[in-house]
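The structure under discussion appears below in the form of structure tokens.
Computed from the coordinates by the stated procedures, all read-outs in this text should not be read as laboratory data. Note that the coordinates shown come from a computational prediction; the quantities given were computed from them, not determined experimentally. Methodologically, a virtual Cβ is constructed for each residue, glycine included, from the backbone with ideal geometry; neighbour enumeration extends over all protein chains shown.
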Amino acid sequence: MGIFEAILLGIIQGLTEFLPISSSAHLRIASELMGIGDAGAAFTAITQLGTEAAVVVFFWRDIVRIISRWFRSLTGAVPRRDPDALMGWWIILGSVPIVILGLLFEDLIDTTLRSLWFVAIALIVFGLLLGFADRYAKQERDLTQLGWKHGLIFGFAQALALIPGVSRSGGTITAGLLMGYTRESAARYSFLLAIPAVFGSGGYKLIKSIGDPGSAAGAPTLIATVIAFVVALVVIGVFMRYISHGSFMPFVVYRVLLGIVIIVLLSTGVLSAEGGVATAQTIDAASPILNGIAL
């Protein structure tokens, strides 16, 4: 990967991380179209450190308040039922599923599930689910009504984003809408919940990459990460203002159309599912899902 490709991928990461359209899917597709194959799960995880740093900057006051009151609740300085103290607990609880599932299925996530067949299917299926939730959910709750059960459901929804094409924000926002939370509340909690998961995953991949000559921890990845931070900082503000009055339907339409285009390009041989010649193993792995959709 050259500097030019890194700049483009950094822009894509920053633009797509917080929109419910899956940044990992877009990085996977873009790197394939640029002829560099799959940029890799490590590259994706490390560049997400940049976008998550943007979340920390944007929600700095909220984060400091939550951490402060959570620690003070441990000593009784603030009530244990304090909303910010509880939010700290719900973020910790909601982070557990993605840590466990990410470690258990790391090899599968880094290989088979990065097939563009899986990406296309996830874009369409979870896009339609987001559209259903946005159209029919009540959207009456705010984050003061968040409890441990909903926090855990949010956590499992976030864990689905380990599959490229699902979208971290898309999965958690969809779950939030289905549980009756407003668009803004679901998005805000989605962004806060992602902080420990992304920094943990990115840090883990970064440490594993250090010392490996062929790793993702190089100058291009650093450049992409910095650019992703700058772009994401702008996107977060625009997105939060948009969802206060706009629906998610434009993102749903985009996801479905993109998924269909990928399937067409894969079927016609314009794109390769694996960044090379598709392997029989991947085709066999995708067949049950494809057959299920066909039925």
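Of the trypsin sites (Lys or Arg not before Pro) found in region 88-149, those that fall in a DSSP loop while having at most 16 other beta-carbon atoms within 10 Å are Lys138. Report, in degrees rounded to the nearest 10, the 0 to 90 angle that the Cα long axis of helix 60-75 makes with the longest principal axis of the chain. Roughly 60 degrees, rounded to the nearest 10. Neighbours of Ile66 by Cβ distance under 15 Å: Lys/Arg scored +1, Asp/Glu scored -1, total +4. Each Lys or Arg adds one and each Asp or Glu subtracts one; over the other residues with Cβ under 13 Å from the Cβ of Ala175, this totals +3. Ordering Ser190, Ser244 from the fewest to the most neighbouring beta carbons within 10 Å gives Ser244, Ser190.
In loop segments of region 1-92 as defined by DSSP, the trypsin sites (Lys or Arg not before Pro) with at most 16 further C-beta atoms inside 10 Å of their C-beta are Arg80, Arg81. A straight Cα-to-Cα reach below 22 Å connects Lys138 with the lysines Lys149, residues fewer than 8 places away in its own chain not being considered. Were the residues from Phe199 through Arg72 laid out at 0.36 nm apart, the gain over their Cα-Cα distance would be 43.3 nm. Here each label is just a point 7 Å from Cα along the line to Cβ, and for Glu106 and Leu8 those points are 3.1 nm apart. When only the Cβ of Lys, Arg, Asp and Glu is charged (+1, +1, -1, -1), the dipole of the chain relative to its Cα centre reaches about 1020 debye.
One decimal place: the segment Ile260-Met34 gains 79.4 nm when fully extended, by the rule 0.36 nm per residue minus the C-alpha distance.
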